[in-house]
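> Here's a structure for you.
The values are calculated or read from the model by the stated rules, or taken from the named source; none is laboratory data. Only a predicted model underlies this, so the values are computations on that prediction, with no experimental measurement involved. Positions of Cβ are generated from backbone atoms using ideal geometry, with glycine treated the same way; all protein chains shown enter the neighbour counts.
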Amino acid sequence: MRMNSKTSLACMDAGSTLSEFASRMALLSTLGYQSVLRAAIESSLLPLRAGSRMLSRQMNEPSRVPTPDDAVCFMHEASEKALFDLRNHMQNAMLIQDEAAVWTRRINERLAAVRQAAMVAPYK
């Protein structure tokens, strides 16, 4: 296939779109991994927070003894936070998937333009 200026520009446009897609997906996946890591660290710190909260209550009110209600309250808070984090991660994954679909459509359009330009290119 001989390249004329139209075909060459279409190829460069497709290559540029492909590299932009790759960098965008790398950025989004990195942000997704960072949010998962942050949530995992925060989830592992939940028992420490509850323990420190119970200790501070006991220091402020020495006569008060931690009860099973305190544990139930902590478990309720922890499960709410875990479900909230799960919902956020699912939304992030769906947004990344939508972004990938948009970029895939753009790349397909650019490649179709390259094919079209190659078919129109005069052979000498």
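> Do we have Arg57 as farther than 30 Å from Ser8 by Cβ and not in a loop (DSSP other than H, G, I, E, B) here? Lay out the reasoning, then the answer.
Working: farther than 30 Å from Ser8 by Cβ: yes; not in a loop (DSSP other than H, G, I, E, B): yes.
Taking the combined requirement at face value, the residue satisfies it.
> Condition test on Ile96, is it modelled with pLDDT under 85, at negative phi and in a helix (DSSP H, G or I)?
Considered against the rule, which asks whether it is modelled with pLDDT under 85, at negative phi and in a helix (DSSP H, G or I), Ile96 comes out as yes.
> Sticking with this structure for a sec: Those residues that are surrounded by 11 or more Cβ atoms within 10 Å (Cβ to Cβ), farther than 12 Å from Lys81 by Cβ and among the polar types (S, T, N, Q), I need them from segment 29-51; list them, please.
Ser29, Ser35
> Is there any pair linking a residue in segment 1-12 that is at pLDDT 80 or above to one that is surrounded by fewer than 14 Cβ atoms within 10 Å (Cβ to Cβ), with Cβ under 8 Å and at least six apart or on different chains, and which?
Hits for this filter: Ala10/Gln116; Cys11/Met3.
> Criterion first (modelled with pLDDT of 75 or more and in a helix (DSSP H, G or I)) does Ser29 satisfy it? Before you say what the answer is, go through the steps one by one.
Numbers: modelled with pLDDT of 75 or more: yes; in a helix (DSSP H, G or I): yes.
Yes: the conditions hold for Ser29.
> Within segment 16-27, is there a residue that is surrounded by 10 or more Cβ atoms within 10 Å (Cβ to Cβ), in contact (Cβ under 8 Å) with a residue 40 or more places away in the chain and among the β-branched types (Val, Ile, Thr)?
Among the residues of segment 16-27, at least one is surrounded by 10 or more Cβ atoms within 10 Å (Cβ to Cβ), in contact (Cβ under 8 Å) with a residue 40 or more places away in the chain and among the β-branched types (Val, Ile, Thr), which makes the answer yes.
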